[in-house]
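Below is one structure, written out as structure tokens; the observations come after it.
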Amino acid sequence: MPKEGKHSGTWVELRDKSDRRMSAHLSTGDPFCRITEQVVDGKMCAVVTTLDSGTFDIVVPDLPEAHSVLLFSSRDRAKTRSLNAGKLIGRFELKARQRAEEIDK
């Protein structure tokens, strides 16, 4: 399981109301699309891009006790090409859900 300040990359954590980690998923790609492949002078190469804004989806397990999703990333990794430690860059509380059996009543 990746840990903030110790591991690099991008990952999400699902937390309960007591802020205990319920699950974690390490991304194998860059959801921020900071590095793109482009053809330059007839050769394929990696190019660092700067994004002002954008969106992406995160899929997490649907657990009744889940309260929030935390997003960690080595934000400046693409700029420096070094493996910096991941830091918390976003915390999102999950909205209350109605169970299917409650909706059917």
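Coordinate-derived values only; no laboratory data. Here the structure is a predicted model, which means the values were calculated and not measured. Here the Cβ is made from the backbone with ideal geometry for all residues, glycine too, and neighbour counts use every protein chain on show.
Structure data summary
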quantity: Ranked by how many other beta carbons lie within 10 Å on average, peptides 15-27, 36-48 from highest; calculated: 15-27, 36-48
quantity: Listed residue pairs exceeding 32 Å between alpha carbons, taken from Lys6/Lys95; Lys43/Lys87; Lys3/Lys95; calculated: Lys43/Lys87
quantity: Sites Asn84 and Asp62, calculated FRET efficiency, Cβ-Cβ separation with R0 22 Å, nearest 0.05; calculated: 0.10
quantity: Nonlocal amide H pairs with Gly9, under 5 Å, H built at 1.01 Å; calculated: Ser74, Gly86
quantity: In Hz, Karplus ³J(HN,Hα) per residue of the range 9-16 (6.51, -1.76, 1.60; θ = phi - 60°; x = Gly, Pro); calculated: x, 10, 8, 10, 10, 9, 10, 8
quantity: Spacing of the two label points (7 Å from each Cα toward its C-beta) at Thr36 and Met1, in nm; calculated: 3.7
quantity: Förster radius 41 Å - calculated FRET efficiency between Thr55 and Asp16 (Cβ-Cβ, nearest 0.05); calculated: 0.95
